[in-house]
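Student: Once you've had a glance at the structure underneath, I'll fire off some questions.
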Amino acid sequence: MSALMTTTNRSVFNRLAYRALSLVAVSGAVLTLSFATPALAQGQGTKIGFVNTERILRDSAPAKAAQTKIENEFKKRAEELEKQVNNLRSRAQQLEKDAPVLSESERNKRQRELANLDADLQRKRREIQEDSSRRRNEEFATIIEKANAAIKKIAEQESYDIVIQDAVTVNPRVDITDKVIQALGK
């Protein structure tokens, strides 16, 4: 019986070892191909470009204009909110000064008023942030559409086979972001 178990264990072990070696061999082949394919593709004349979308949305003329436009749209609301925040601060400071001479009911009443005012200001701040984010997304969606059109035009004019947006690491020689930013500035 023990000889049968030993034989069975060896058989199971041998099958597992064979599968593991097969997996290593397949993984090695895939790894080799993944390194060799770019070299082969470049050797065959594949032209690759890269575009940094973050830079386009930060540095291009349309992006800067959109940012200025959004800031101007929300400037009045932000200033009004700042005035209200300053009013809340001064009222809170006044309450601190007056607290020793106020009755407990009057002090509680003012504290509730300040808490309600603070909650209202928090709500207004969130609304402004949400509205600003929505407008920013609208403006940037338009810029991205224009950037994609510029990328496509550059790719066609300069015979790029593939243009990648946003990668972990990129060789600067394939970066065409400046060309796209320049095209958007026209």
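Student: Would you confirm whether any residue within segment 60-72 is exposed (fewer than 15 other Cβ atoms within 10 Å of the Cβ), of a type in the set (Ser, Thr, Tyr) and within 30 Å of Ala141 (Cβ to Cβ)? Write out each step before concluding.
Tutor: Start the filter on segment 60-72 by keeping residues that are exposed (fewer than 15 other Cβ atoms within 10 Å of the Cβ), which leaves 61, 64-65, 68-69, 71-72.
Going one step further and asking which of them are of a type in the set (Ser, Thr, Tyr), we end up with 68.
When the remaining residues are screened for being within 30 Å of Ala141 (Cβ to Cβ), the result is 68.
Scanning segment 60-72, I find at least one residue that is exposed (fewer than 15 other Cβ atoms within 10 Å of the Cβ), of a type in the set (Ser, Thr, Tyr) and within 30 Å of Ala141 (Cβ to Cβ), so the answer is yes.
Student: Still on this model: Got at least one residue in segment 60-74 being among the basic types (Lys, Arg) and touching a residue at least 60 places away in the same chain (Cβ under 8 Å)? I'd like the intermediate steps shown before the answer.
Tutor: First pass over segment 60-74, keeping only residues among the basic types (Lys, Arg): 64, 69.
When the remaining residues are screened for being touching a residue at least 60 places away in the same chain (Cβ under 8 Å), the result is 69.
Yes - at least one qualifying residue is present in segment 60-74.
Student: Given the structure, is Ile176 touching a Phe, Trp or Tyr at 6+ places or on another chain (Cβ under 7 Å), of a type in the set (A, V, I, L, M) and surrounded by 11 or more Cβ atoms within 10 Å (Cβ to Cβ)?
Tutor: Numbers: touching a Phe, Trp or Tyr at 6+ places or on another chain (Cβ under 7 Å): yes; of a type in the set (A, V, I, L, M): yes; surrounded by 11 or more Cβ atoms within 10 Å (Cβ to Cβ): yes.
Criteria met by Ile176.
Student: Would you say Lys83 is assigned by TED's automatic domain parsing to the domain that holds Glu54, of a type outside the set (Val, Ile, Thr), over 30 Å from Ile48 (Cβ atoms) and at pLDDT 95 or above?
Tutor: Numbers: assigned by TED's automatic domain parsing to the domain that holds Glu54: yes; of a type outside the set (Val, Ile, Thr): yes; over 30 Å from Ile48 (Cβ atoms): yes; at pLDDT 95 or above: yes.
So Lys83 passes the test.
Student: Can you name the number of the only condition in (1) small (Gly, Ala, Ser); (2) farther than 30 Å from Gly45 by Cβ; (3) free of Cβ contacts under 8 Å to residues at least 12 places away in the same chain that Ala78 fails?
Tutor: (3)
Student: In addition: Could you say which residue among Ala147, Ala99, Ala141 is surrounded by 12 or more Cβ atoms within 10 Å (Cβ to Cβ), of a type in the set (A, V, I, L, M, F, W, C) and more than 24 Å from Val85 (Cα to Cα)? Walk me through how you get there before you give the answer.
Tutor: On the way: Ala99 fails: more than 24 Å from Val85 (Cα to Cα); Ala141 fails: surrounded by 12 or more Cβ atoms within 10 Å (Cβ to Cβ).
After ruling out the rest, the residue left standing is Ala147.
Student: Answer yes if at least one residue in segment 123-139 is in contact with an Asp or Glu (Cβ under 7 Å, 6 or more places away or on another chain) and either outside the structural domain of Ile70 (by TED's automatic domain parsing) or in contact (Cβ under 8 Å) with a residue 12 or more places away in the chain (or both), and no otherwise. Show your work before the answer.
Tutor: At the first step, the residues of segment 123-139 found to be in contact with an Asp or Glu (Cβ under 7 Å, 6 or more places away or on another chain) are 135.
So of that shortlist, the ones also either outside the structural domain of Ile70 (by TED's automatic domain parsing) or in contact (Cβ under 8 Å) with a residue 12 or more places away in the chain (or both) come out as 135.
Taking every residue of segment 123-139 in turn, at least one turns out to be in contact with an Asp or Glu (Cβ under 7 Å, 6 or more places away or on another chain) and either outside the structural domain of Ile70 (by TED's automatic domain parsing) or in contact (Cβ under 8 Å) with a residue 12 or more places away in the chain (or both).
The values are calculated or read from the model by the stated rules, or taken from the named source; none is laboratory data. From a predicted model like this one, the values you see are computed outputs, not experimental measurements. Note that we place each Cβ from the backbone using ideal geometry, even for glycine, and neighbour counts take in every protein chain shown.
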